[in-house]
Amino acid sequence: MIKKIYILDGLGCASCASKMEGKINELEDVENANIDFVNKTLSLELSKDASVESILDEVSRIVKSIEPDVVLSERVEDDLDVKTMEYNKKELIPTLAGLLIFIAAYMFKGLSSSILFIVSYSIIGYDVIFKAIRNIKNREVFDENFLMTIATLGAFSIGEMPEAVSVMLFYKIGEYLQDLAVEKSRRSIKALLNIRPDYANLLVGGKEFKVEPRQVRVDNIIIVKPGERIPLDGVIIEGESTVDTSALTGESIPRDVEVGSEVLSGFINKNGLLKIKVTKNFKDSTVNKILELVENANSKKSRTENFITKFAKIYTPIVVAIAALIVIIPVVFYDGSFQVWLYRGLIFLVVSCPCALVISIPLGFFGGIGAASRRGILIKGSNYLEALKDVSTVVFDKTGTLTKGKFRVNKVISSENWNEAYVLEFAALAESYSNHPIAISILNEFNKEVDKSRVKDYKEISGFGVSAIIDNKKVLVGNAKLMIQNGIKINESSDVGTLVYVAIDDEFAGCLVISDEIKNEAIVAVKTLKEMGIKTIMLTGDSKEISKDVAEKVCIDKFYYGLLPNDKVEKLEELEIENENGKILFVGDGINDAPVIARADVGVAMGALGSDAAIEAADVVLMDDDIRKIITSIEVARRTRKIVYQNIALAIGVKIIVMVIATFGVATMWEAVFADVGVALLAVLNSIRVLKTKP
């Protein structure tokens, strides 16, 4: 599949964007086309045999037929903001000129006044009328340009010249303010993601050069000075410092880094001078992947957005038909005044434009995605953000999710003939050649330099443990099966955890109780989820005793143990059948849980900072190990839903009210204009509130 992203510079009509998207999706070899009105981008997914140039010609033709002023160009840098605002300023100049002539028209009477009103109307509304005529030729009748043209020309026909001009004037001013609000909100959202590096200090032959991050290659050496943003992923080869990771992870506490530490693009160097060896080109860097994920998140639309798009297509024609009936029925059947009922019908036409919905709803979801990103939560689409609000069950992996994934020796037990220090020492010596997490935990507990020269004939026995000759003594370290296999009678411990038995010269010497540490934030997260009315379940491949111990300490509602990766998928499918009225969220620590993460309604990968595999598998990525961010993501989703529903209620409610009172002759064109552009402006401003979701 071929993927391309293009900028639609000058796109200012949400309903036009929807029409473009529909027509482009009808093209042969276009598997999916999505227009993100908020970001002014077109995302294309083409079949692998497609001719990009010929499809691009067709796409350009479609775009120009609907919006001639839109310029289609392949996206290289995110430089759209300035161009769009320049376009809006050009639109404002004729509107202001028309306003002056409109004011002058009131100073004259008779023919002079009428001529000035017509001139003012022509200057202010020429582009609206031109677009309406062009769209009619292209068989695209029911849009805002057509509605405003018919409504204002109708007002002229019944002698309401001042009102016709004022309606067009305030429509254009409202559109400008609406565009301004959209741009402001879009910039506010992107300001949260202001992590793109501006330059890199490249070190070549002992000299420093300031270059674009894209020019730096893998294995190049860069210098990062105090206060600068790290431009590319790499490893520190000289220097030490403290780095601010909040832009990527949402963590408020800085990290200390030194030689050998991995650092990611987007981190801010706080104090020391760092020399870094680059490990990834800019296009593969963490900061670029994050920006791409967030900027392209709107390509996966929510059910609400898809519904509104379909609703807008049938809503406007229906309202136009009703407006026609409002004029015809009273005049034909009840001998009503044609002028009076035409005026009321025209109000219907002005009110019917669904722009408030088409613009504000995608903007609300984009704001929610931006608000989550600021907190180190990457949500890969509006559909996943919407699904998060309906989560009724959270399913956890155990190791690395509820626990730290770092084993620790909790207890050393010795038999009568040996003391605890000797048991730990012989266990550490026996495990000194192993890199297994259990062996590492024993060596960490011993916390002394190991003299490997004391160890002879080391053998690792898969599934059982290890054997070795230490100080001319035969030593066995492993599970109960190893002891039984060698005829050694052991004193089994009742302690919960992984039990590692030690035998010296065929005599039981003692055992070590090893367990994984539970994360403190896991206890808080599970408690909070329960308070929110969300059920909690744990899936793990560990033993029953260990699983039960963790579940009880964390207060998990239900747990399932001894599960292989495919067993976890099967269990999740069973839970989905039981959980008909809500969504299931599964959270794991990355690639090992990829199958079940992919299968869940919402798959969450945590601790995935810099992990390409985890970012690819999950629907939501927590950029650090803080499991409490699941709660934050659900809260952001619920607040986003609340604001989106407020916009729907505001837009539809006000329009219905104005339509009703217009039918009874109470409303005027002024109320109609407010119900259109005024409500759209309020809805856009309301959408910005999602950014204020509390961390």
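The values are calculated or read from the model by the stated rules, or taken from the named source; none is laboratory data. Just so it is clear, the model here is predicted, and its values are computed rather than measured. Using ideal geometry, Cβ is built from the backbone for each residue, glycine included, and neighbour counts are taken over all protein chains shown.
Results for (1) in contact with a Phe, Trp or Tyr (Cβ under 8 Å, 6 or more places away or on another chain); (2) closer than 30 Å to Thr399 by Cα; (3) surrounded by 22 or more Cβ atoms within 10 Å (Cβ to Cβ), shown as yes or no for each residue.
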| site | (1), (2), (3) |
| --- | --- |
| Leu622 | no, yes, yes |
| Asp625 | no, yes, no |
| Val636 | no, yes, yes |
| Ile643 | no, no, yes |
| Gly678 | no, no, no |
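Among the residues of this structure, Val466 counts as one that is under 21 Å from Ser515 (Cβ atoms), surrounded by 18 or more Cβ atoms within 10 Å (Cβ to Cβ) and not charged (D, E, K, R).
In segment 332-355, which residues are buried (at least 16 other Cβ atoms within 10 Å of the Cβ), of a type in the set (A, V, I, L, M, F, W, C) and either in contact with a strand residue (DSSP E or B) (Cβ under 6 Å, 6 or more places away or on another chain) or over 15 Å from Ile158 (Cα atoms) (or both)? Listed by number, the residues that qualify are Phe348, Leu349, Val350, Val351, Cys353, Cys355. Condition check for Ala480 on (1) under 22 Å from Phe508 (Cβ atoms); (2) surrounded by 18 or more Cβ atoms within 10 Å (Cβ to Cβ): one failure, at (2). Might you let me know whether segment 505-513 holds any residue that is assigned to a strand (DSSP E or B), of a type in the set (Asp, Glu) and under 15 Å from Tyr422 (Cα atoms)? The answer is yes, given that some residue of segment 505-513 is assigned to a strand (DSSP E or B), of a type in the set (Asp, Glu) and under 15 Å from Tyr422 (Cα atoms).
Hey, does segment 412-432 have a residue that's under 30 Å from Val526 (Cβ atoms) and surrounded by fewer than 18 Cβ atoms within 10 Å (Cβ to Cβ)?
Of all residues in segment 412-432, those under 30 Å from Val526 (Cβ atoms) come to none.
No: segment 412-432 contains no residue that is under 30 Å from Val526 (Cβ atoms) and surrounded by fewer than 18 Cβ atoms within 10 Å (Cβ to Cβ).
I'm trying to understand the selection: among the residues of segment 368-383, which are at pLDDT 85 or above, farther than 16 Å from Glu305 by Cβ and either polar (S, T, N, Q) or more than 9 Å from the chain's Cα centre (by Cα) (or both)? Within segment 368-383, no residue meets the criteria.
Remark: Lys380 falls outside the filter, which requires a residue to be assigned by TED's automatic domain parsing to the domain that holds Glu208, within 22 Å of Ile35 (Cα to Cα) and surrounded by fewer than 22 Cβ atoms within 10 Å (Cβ to Cβ). Cβ-Cβ contacts under 6 Å between residues 6 or more apart (or on different chains), taken from a first residue in segment 516-528 that is within 16 Å of Val391 (Cα to Cα) to a second residue that is part of a loop (DSSP other than H, G, I, E, B), are listed as Ala525/Ile627; Ala525/Arg628; Val526/Cys555. Consider segment 213-232 and keep the residues that are in contact (Cβ under 8 Å) with a residue 40 or more places away in the chain, touching a helix residue (DSSP H, G or I) at 6+ places or on another chain (Cβ under 9 Å) and not aliphatic (A, V, I, L, M). The one that is surrounded by the fewest Cβ atoms within 10 Å (Cβ to Cβ) is Arg214. Contact annotation: residue pairs with Cβ atoms under 9 Å, 6 or more positions apart or on different chains, pairing a residue in segment 530-545 that is closer than 20 Å to Glu576 by Cα and β-branched (Val, Ile, Thr) with a partner that is at pLDDT below 85 and part of a loop (DSSP other than H, G, I, E, B), are Thr540/Gly562; Thr540/Leu563. Condition check for Ile118 on (1) surrounded by fewer than 17 Cβ atoms within 10 Å (Cβ to Cβ); (2) within 23 Å of Gly345 (Cα to Cα); (3) free of Cβ contacts under 8 Å to residues at least 40 places away in the same chain; (4) of a type outside the set (Phe, Trp, Tyr): one failure, at (3).
One residue is enough: does segment 99-114 have a residue meeting the conditions within 11 Å of Lys172 (Cβ to Cβ) and in contact (Cβ under 8 Å) with a residue 12 or more places away in the chain? Steps first, answer last, please.
Looking only at segment 99-114, we keep the residues that are within 11 Å of Lys172 (Cβ to Cβ), and these are 99.
Next cut, in contact (Cβ under 8 Å) with a residue 12 or more places away in the chain only: 99.
Yes; the residues of segment 99-114 include at least one that is within 11 Å of Lys172 (Cβ to Cβ) and in contact (Cβ under 8 Å) with a residue 12 or more places away in the chain.
Within segment 78-98, does at least one residue satisfy the condition of being at pLDDT 80 or above, outside any loop (DSSP other than H, G, I, E, B), under 27 Å from the mean Cα position of the chain (by Cα) and aliphatic (A, V, I, L, M)?
Going through segment 78-98, the residues at pLDDT 80 or above turn out to be 93-98.
Now drop any that are not outside any loop (DSSP other than H, G, I, E, B), which leaves 93-98.
Adding the requirement that they be under 27 Å from the mean Cα position of the chain (by Cα) leaves none.
Among the residues of segment 78-98, not one is at pLDDT 80 or above, outside any loop (DSSP other than H, G, I, E, B), under 27 Å from the mean Cα position of the chain (by Cα) and aliphatic (A, V, I, L, M), which makes the answer no.
Look at Ala551 and say whether it is surrounded by 15 or more Cβ atoms within 10 Å (Cβ to Cβ), assigned to a helix (DSSP H, G or I) and at pLDDT 85 or above. So Ala551 fits the description; yes.
Number of residues in segment 554-592 that are farther than 17 Å from Met623 by Cβ and not in a strand (DSSP E or B): the value is 27.
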